[in-house]
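The values are calculated or read from the model by the stated rules, or taken from the named source; none is laboratory data. Source: prediction; values computed, not measured. Virtual Cβ from ideal backbone geometry, glycine too; neighbours counted across all protein chains shown. For accessibility, only protein heavy atoms count, side chains too; no ligands or nucleic acids. Shrake-Rupley method; radii C 1.70, N 1.55, O 1.52, S 1.80 Å.
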Amino acid sequence: MIPSITALLVCQLIGEVIARAAHLPVPGPVIGMVILLAALLARGREAPAELGRTADGLLDNLGLLFVPAGVGVVLHLPLLARDWAPLSLAILVGTLAAIAATGRLAQWLLRRRG
């Protein structure tokens, strides 16, 4: 378990360094996830079972990661009350764009597979 967590944290650290050094608008953990995916694809085999168990353990406790976000929402309630319209529009447009992109990607992958 320790080597798997270390691998995940090293990928996240590399992603953070790249994001900050290149001033990218993408969060470091996202870049780290892409690095992890590239490493697993380059490996050419199935992902190690230990990495899968570690990821499942983290996903089982994912709800705990939302506690800081909830605290942030409560902390900024006056700001949210003042700017509710643009925030709601941004959430709506972002959600629709994500659904559309996911659908297009799924169609492309299914066509490629079939």
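Tell me the per residue accessible area of the chain using a 1.4 Å probe; a whole number in Å² is fine.
81
Loop only by DSSP, 15 or fewer other Cβ within 10 Å of the Cβ. Give me the GluC sites (Glu not before Pro) in the stretch 5-59 that pass, ordered by residue number.
Answer by residue number: E46.
I'd like the FRET efficiency for L105 and A47, computed as 1/(1 + (r/R0)^6) with the beta carbon distance as r and R0 of 22 Å, rounded to 0.05.
Step by step, r from the Cβ atoms, then E = 0.60.
Roll a 1.4 angstrom probe over the protein heavy atoms and tell me the percent of accessible area of the chain that is carbon or sulfur.
Exposed carbon and sulfur together represent 74 percent of the surface.
Let a ≥ b ≥ c be the square roots of the eigenvalues of the Cα gyration tensor of the stretch 55-114; is it rounded (a/c under 1.5), or, if not, prolate (a/b larger than b/c) or oblate?
oblate
Could you tell me the relative contact order of the chain? Use alpha-carbon pairs under 8 Å, at least six residues apart, and round to a whole percent.
With pairs under 8 Å counted, the relative contact order is 17 percent.
Place the peptides 3-9, 53-59, 101-107, 27-33 in order of packing, highest mean first, counting for every residue the other Cβ atoms within 10 Å and averaging per peptide.
27-33, 3-9, 53-59, 101-107
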